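Here is the structure we will look at, set down as structure tokens.
What follows draws every value from the coordinates through simple rules; no lab data is involved. Predicted, not measured: the structure shown is a model, and the values here were computed from it. Positions of Cβ are generated from backbone atoms using ideal geometry, with glycine treated the same way; all protein chains shown enter the neighbour counts.
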Amino acid sequence: MLSLSSTFILPFHNSLPQNLLLSSIGLSLQSKSSKHANFCKSQNLILQRNPPNFRLNYKLSPYSDDLLEVSDAQISQENPIVGISESRGQGVSLDPFWVASLLQSRSRLKDVKLIHALILKCLNDSVVFVNNNLISVYLSFGKLEEARKVFDEMPERRNVISWTTILNGYLNFGLEDEGLSLFGEFVKSEIQANGTTFVCVLILCGKKLNFELGKQVHACIIKGKWSNLIVDSAVMYFYAQCGDFSSAFRVFDGMKERDVVTWTTMITSCSQQGYGEKAFSLFSEMLMHEYVPNEHTICSVLKVCGEEKALKFGRQLHGIAVKKLINNDVYIGTSLLDMYARCGEIEDSRKVFDGMKRRNMVTWTSIIAGYARNGLGYEALKLFRVMKRRKVAANNLTFVSILRACGSIGALVIGKEVHAQLLKNSSQNNIYIGSTLVWLYCKCGEYGLASRVLQHMPLRDVVSWTAMISGCTQLGYEFEAFEFLKEMLKEGVKPNPFTYSSVLKACASLEAVKHGKLIHSSLNKSPTFSDNIFVGSSLINMYAKCGFISDALQVFNSMKEKNLVSWRSMIVGYAMNGYCREALQLMYQMQEEGLQVDDYTVTTVLSACGDVEWNTESLTDELLLS
């Protein structure tokens, strides 16, 4: 019998440049390495391109003239389905192998449905591999409901391929919860999973951050000795997605063999979780082991360069891309211009953009976002108009960038026009767009509109609430900021450091030290917040503005890390409360730490303290005494 133990392959899926790996890596399921290619061939659902000779068992005789008529006329090369469909009810039975091959060769959904009808009519018994192929083909046409119906109608005749194929369908449709629920049913069926099933489930677990289930799957892989390049890459990526990098590196270090995709997966994981230095270290190690980076590797490292502002290294990668003649790749080009924009080199970013022979939606969005991020809102809007004239479709990220550009230049009218367009497309319900609209209206002083957008959002996350609370503080609606914080906590949304910083600014403006101390008390319970540099600076500012200078100093001294804002808050706090000597002393200490005292701090201290002298060259022992 034809072996179909490998009728499944996870499809390649293109996404944003920063997520190129999720597709290729997707967990290393489609790569350019020969080992992956061989595995994919062995795991291919599609039957061989030249199928076995089909035959039609006609009731009269297999050698009769009637059969010849069916074979030659009804099953033509141009449309082998039409003739057979006309023979329904005339006693035709179909060869399952031929039907499976025919299914995989169809390019129209209409033909697939016709073959499905023939299967129901002419195949006396349900054939597992035919149904598996039917499920696969329906999924390839995006028909999950029809695929699930076929799956549900073969309860007694399912094998591991049936389960894995439908599980992969839920994964590709983004229905992770339903996929994991179906996996629960699979476990109850007591059918033995294979490596491909485990890979699929690990991806589902990674997307839902279901750490416990993923660990159990890993244990099953070890117990069943399913370890190989593909499966190990999936395990490694799962741990990285869940933030358990010690386990991810343990799997990575224990792999008997690696390829460029494995290395790229690990580099991308570090990049996505904010471990930029580790990503650079892995890339260097990869080169030392003489692995040649592909375009996906370069895209991932370019993303890290942008985030870490490693412009020099980014330029070197640009040179590598030119030498390898892959600079014309649309993803490489998009990653390059994004890297330059994030490093503040918007002119270089534009040069890359103008030199690209091919551009896609992501390319346009990246350059528009680059202009908006660098405060060049007018240029971003100009490019958006060109993009529309060229009829390039915009996605949600494009609109987020345009709204940010409008906010950066106070273009309220254009922002409202974009909002109206989003309402027509029902895109306002997107959580990122909704949050950006709240930010835009607050930035433009439209508190009422911002509040209305927030209230109409079906889903609100910490970014949405923080945008509103921060806007209230900036616009002088401090009491409303407290009310929004209460609503946020009632919804079960946990504040982040920026939320607390905004609320503490409201406390400072109202001199509401009682509220500030309550917040400080709750922050001390979590090291994540108590050690945060932004929260610490906001606490210093709040206590100093409320006249509690000793509390401010206590926070300042307890901070493990200080930045310009922390020093400035403490120095200005001293000066505004009449502690001129201490303010000057701290200014000299700040200079001794290697930080430049900015003009704002000097001006504020001199204005508050009158005729004191600030000599940047003088550091007397007396002033340095604490």
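Any idea how far the Cα center of the range 328-354 sits from the one of the range 407-438, in Å? Here the two parts' Cα centres lie 26 Å apart. Quick check: the distance between the Cα centres of the range 555-571 and the range 453-514, to the nearest angstrom? Here the two parts' Cα centres lie 24 Å apart.
Ala193 sits among other residues whose Cβ lies under 14 Å from its own Cβ, and their net charge, with Lys and Arg +1 and Asp and Glu -1, is +2. Taken one residue at a time, the phi angles of the range 434-451 give Karplus couplings (6.51, -1.76, 1.60, θ = phi - 60°) of x, 4, 5, 5, 4, 4, 4, 5, 5, 4, 8, x, 9, 4, x, 5, 4, 5 Hz. Gly and Pro are set to x. At an R0 of 25 angstrom, the distance between the Cβ atoms of Arg390 and Val322 translates into a FRET efficiency of 0.40.
Each Cα pair under 8 Å and six or more residues apart adds its sequence gap; the mean of these over the residue count of the range 280-406 is a relative contact order of 19 percent. Applying the Karplus relation 6.51 cos²θ - 1.76 cosθ + 1.60 with θ = phi - 60° to the range 560-568 yields 3J(HN,Hα) values of 6, 9, 10, 10, 4, 5, 4, 4, 4 Hz, where x marks Gly and Pro. The alpha carbon centroids of the range 260-307 and the range 163-187 are separated by 30 Å.
Taking a straight line from the alpha carbon of Lys121, these aspartates and glutamates sit under 16 Å away, with near neighbours fewer than eight places off in the same chain left out: Glu86, Asp95, Asp111, Glu153. Residue ranges 564-573, 196-205 sort as 196-205, 564-573 when ordered by packing (mean number of other C-beta atoms within 10 Å per residue, highest first). Placing one equal scatterer on every Cα of the range 229-289 and applying the Debye formula, the log10 ratio I(q)/I(0) at q = 0.20, 0.21 Å⁻¹ is -0.67, -0.74. Here the relative contact order of the range 302-376, from alpha carbon pairs under 8 Å that lie six or more residues apart, stands at 31 percent.
Rounded to whole numbers, the Karplus 3J(HN,Hα) couplings from phi for the range 170-186 are 5, 4, 5, 8, x, 9, 5, 4, 5, x, 5, 5, 5, 4, x, 5, 4 Hz, using 6.51 cos²θ - 1.76 cosθ + 1.60 with θ = phi - 60°, and x at Gly and Pro. The loop-placed GluC sites (Glu not before Pro) in the range 288-370, going by DSSP, that have at most 14 neighbouring Cβ atoms within 10 Å of their Cβ come out as Glu290. Pairs from the table (Lys303/Lys443; Lys490/Lys514; Lys494/Lys525; Lys505/Lys525) lying more than 18 angstrom apart at Cα are Lys303/Lys443; Lys490/Lys514; Lys505/Lys525. Annotation: for a label point projected 7 angstrom from Cα along Cα→Cβ of Ala420, no residues of the range 430-452 have a backbone N closer than 16 Å. Ignoring lysines fewer than eight residues from Lys223 along the same chain, the ones with Cα atoms less than 23 angstrom from its Cα are Lys188, Lys215, Lys256. Packing-based ranking of 112-119, 536-543 yields 536-543, 112-119, ordered from highest to lowest mean Cβ neighbour count within 10 Å. Working ranking of peptides 365-372, 223-230 by packing, defined as the average number of other Cβ atoms within 10 Å per residue, highest first, is 365-372, 223-230.
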